[in-house]
1. Given [x] 1.06; [y] 1.20; [z] 0.99, which label gives Cα Rg over 2.2 N^0.38 Å as computed from the coordinates?
2. What percentages make up the Cα-Cα pair-distance distribution of the range 306-379 when the bins are 5 Å wide from 0?
3. Can you compute the helix-only [θ] at 222 nm over the chain? Use -39500 (n - 2.57) per DSSP H run of at least 4 residues, normalise by all residues, nearest 500 deg cm²/dmol.
4. Taking the C-alpha atoms of the range 40-375, how large are the radius of gyration and the largest Cα-Cα span, Dmax, in Å?
5. Taking the number of other C-beta atoms within 10 Å as the exposure measure, put 262, 119 in order starting with the fewest.
6. Kirkwood hydrodynamic radius, computed over distinct alpha-carbon pairs, for the range 344-385: how many Å, to one decimal?
7. Exposure proxy check: 114, 515 ranked by fewest other beta carbons within 10 Å?
């Protein structure tokens, strides 16, 4: 949670420079959108924000209306780390500031006016299971609010167990084991009052501290311990993500880490907890420029990317936060304020003041575009571009229309674009275009062919024809998965022909067609992650919507002339020590082992028992004479630490025992 600043009601307006034109690059950026590559359906809770009891504007009509206009569908209370010192019955937070008119009933009234579902954080740090159960009774039995989502605590791994302590925790034992035991107790007590509620537990986001660290006395990481011990007692897991960044470009670019982070988190849930447990991400913000254009660009990509991965709510920190360190970012004054709306506060010496209270900052305008882009019931589909500085997201509406969100991260150059649609044909009518440009005070109409520098653009298009196809096939499954093959199976409408597509960039790859309900894919690559959809066609050739996606990873060969076993020795949050147990070099006097990092933010920093070198993402390990039993190395990472899955020894792909 970002440190709160008490919201003041007096403000001095600060002018915002007008947007200057930017040079247009020569080559057009190609954008591909494939409606056959389905990702996730947008839930009503998708677009969320945080409310805090130290915010004097919590629950006011002006704020509720601004959030409603932006499409907010979930609001969280009582506010980050304050949740672990907050006592709902007397509306107090010992050691913290509580603003007037921010009690639970006021919050609920504001949520109702916004049209948003509430998410409540039960006090773990200084509260009890009984206190939480009494809150459920007051909310749902006494007052009939029907609050469904309840999280047990906030960032409880920040209680000092791993060396950093910002989160209140009065338990003598601050281990994840103790947290898990209490989660079970809280869940039982709360569900005894209302069995329909959904209870969530706090996890760490892969790639963010303290992910990967095993604390003193623990048998596993925070996530492993909590999921193993409390997985059956919870309905969802809750993570936060503040990926940081040394400059604006690096901070905005952190969005590329979303898919790998979520894949790792889902793998942890499936391995240690209850497979398929839902995921919420209830705090995020950009590392540079939180109330100027970097914050807006980051928000557009983060919300879209996380919803594409099936997260049921993404929530910005915060509605209001207060002035921080003032700077200039991309030609605009940034107040270091992590709020969507201005708090109207000034620096301590009153030399710089924010715009008037509740003036929308840049991320708010991005949120309003997301509200138009990802509406409840929309199906998010795969999109991709030819330019690493332009990201694309797409959603298909129930009426057949298509929305395409384009984010130009280039601060200096506008980008001409050409868009190709796969499995879908637009009408001849011009698209509706909405753009939020750097320094603008609102979303305006824009161009469908050129993206302004440092901007978000939403294209909304109608289909050439609206026709009902057959029902979508069910979610596929993968069986008999080897390093080279996988059998994909599904259910679907009788009499249809089925097409199996592999998601690949912005345009899917057709793996095969069949009138049956399974297909064996061959010539796969070992250690590769694949995502596939199935589409049905009826006798008239009409196409269904895609099935839900299936993601699977091929393993290393089951048998080989060599074997490599990776073991994790230690991790400290941004670096690690791993060992490799080796066998099977054969008669060669010299040997060479190679592997490739799955991401660009991982690296080898040193090794032993061999000669180690890294070129690009490929690590080469060499030695003379007999193959050692074990080699080891140190590494660094600044994002999800995805392990390499394929090792090659003297040209042979090894098994991994």
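Each value in this text was obtained by applying a stated rule to the coordinates, not by laboratory testing. Nothing here was measured: the structure is a model prediction, and the numbers come from that model. Cβ coordinates were reconstructed from backbone atoms using ideal geometry, including for glycine residues, and neighbour counts include every protein chain displayed.
1. So the calculated entry is the one marked [z].
2. In whole percents, the pair-distance histogram is 3, 14, 22, 20, 14, 10, 9, 5, 2, 1.
3. On the way: 9 runs with 104 residues, N = 657.
Value at 222 nm, helices only: -5000 deg cm²/dmol.
4. Both quantities, over Cα of the range 40-375: 18.9, 55 Å.
5. On the way: 262 22, 119 27.
The order, fewest Cβ neighbours first, is 262, 119.
6. Numbers: mean 1/r = 0.0741 Å⁻¹.
Taking the inverse mean of 1/r over all distinct Cα pairs, the range 344-385 comes out at 13.5 Å.
7. Numbers: 114 25, 515 8.
Ordered by Cβ neighbours within 10 Å, fewest first: 515, 114.
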